[in-house]
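What follows draws every value from the coordinates through simple rules; no lab data is involved. These figures come from a predicted structure and were not determined experimentally. So basically every Cβ, Gly included, is an ideal-geometry build from the backbone, and we count neighbours across all protein chains shown.
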Amino acid sequence: YEILGNATPLHASAYWHLMVEKDKVSPNYASSHISAIKSLYYHAVRLGMLARNPLADFKVDSRKLEPANHHQAISEQAAEKLLSCPNRKNKRGARDYAMLALMLGAGLRRSEVSSLKWSDIETINGIT
């Protein structure tokens, strides 16, 4: 476990800059990697593998981070246009329409809609 404790905040900073400058990832993405590594070190401390987290004092300069990506709602006209695209006369079109309607109406992501089960659908008086 000795090698685990050899990391320093300087190593974390170098790794962060390497990801951002060489790998061309966003500063937020690089920071999430550093956060995961710090969590791994905290876990090693809890398990008694290390006496302390060597990256505990490392902080990313928040001025270098990008603002959070806030999603904008689409207009009602754009939603209607989108819902008019699938051909609901065939099974695939009906499925696509239902998925789009769920995504637009309930604010679900594509992955959330595709992983839904019948038991996830709430009924009111037997009507879904």
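Backbone geometry of region 110-121 corresponds, through the Karplus equation with coefficients 6.51, -1.76 and 1.60 at θ = phi - 60°, to 3J(HN,Hα) couplings of 4, 5, 5, 5, 6, 9, 5, 10, 4, 5, 7, 7 Hz, x marking Gly and Pro. Report the paramagnetic label zone for Ser111: residues of region 23-62 whose backbone N is under 19 Å from a point 7 Å from Cα along the Cα-to-Cβ axis. Answer for region 23-62: 26, 28-37. Distant-in-sequence amide contacts of Leu50, defined by a placed amide H-H separation under 5 Å and a gap of 5 or more residues or a different chain, comprise Val45.
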